[in-house]
1. Pairs please, first residue from segment 36-63 and among the aliphatic types (A, V, I, L, M) and modelled with pLDDT of 90 or more, second anywhere and part of a loop (DSSP other than H, G, I, E, B) and surrounded by 10 or more Cβ atoms within 10 Å (Cβ to Cβ), Cβ atoms under 8 Å, 6+ apart in sequence or on different chains.
2. Given (1) modelled with pLDDT under 90; (2) polar (S, T, N, Q); (3) within 12 Å of the chain's Cα centre (by Cα), identify the lone condition not met by residue 27.
3. Could you please let me know if residue 32 is farther than 12 Å from residue 54 by Cα and charged (D, E, K, R)?
4. If you check 68, 19, which single one turns out to be under 18 Å from the mean Cα position of the chain (by Cα), on the phi < 0 side of the Ramachandran plot and touching a residue at least 40 places away in the same chain (Cβ under 8 Å)?
5. Do you know which residues across segment 37-56 are under 20 Å from residue 23 (Cβ atoms) and in contact with a strand residue (DSSP E or B) (Cβ under 8 Å, 6 or more places away or on another chain)?
6. Just give me the residues in segment 38-81 being assigned to a strand (DSSP E or B) and among the aliphatic types (A, V, I, L, M), in sequence order.
7. Let me spell it out: the conditions are (1) over 26 Å from residue 12 (Cβ atoms); (2) surrounded by 15 or more Cβ atoms within 10 Å (Cβ to Cβ), and residue 41 meets all of them except one. Which number is the exception?
Amino acid sequence: MLTASVLLLLATLAGYTLLCAASPFGTCRKCKGLGGKVVLDRKGRPKKAKPCRRCKGHGKRLRVGRHLHNHSRDIHRAGTR
């Protein structure tokens, strides 16, 4: 039972690692990829308000796994110089 759960955990981590390598940017969770909040004006037409603070209006954010990879690579590079 423990072996199966460890293998499942390793497979999940390997899949997430491949996802971060193939697609380092994911959709912003706050604005859902729109880049900002959509509000309605007086006539009921949608308009874009302020840009999202998390993604700065791009709609994409760096994944957590890719951020950790970049950080560890920077630490290794700084330590081997």
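The values are calculated or read from the model by the stated rules, or taken from the named source; none is laboratory data. Predicted, not measured: the structure shown is a model, and the values here were computed from it. Positions of Cβ are generated from backbone atoms using ideal geometry, with glycine treated the same way; all protein chains shown enter the neighbour counts.
1. 62/24
2. (1)
3. It is false that residue 32 is farther than 12 Å from residue 54 by Cα and charged (D, E, K, R).
4. On the way: 68 fails: touching a residue at least 40 places away in the same chain (Cβ under 8 Å).
Checking each option against the conditions leaves just 19.
5. 52, 54, 55
6. Within segment 38-81, 38, 39, 40, 49, 62 qualify.
7. Only one criterion in (1) over 26 Å from residue 12 (Cβ atoms); (2) surrounded by 15 or more Cβ atoms within 10 Å (Cβ to Cβ) is unmet by residue 41, namely (2).
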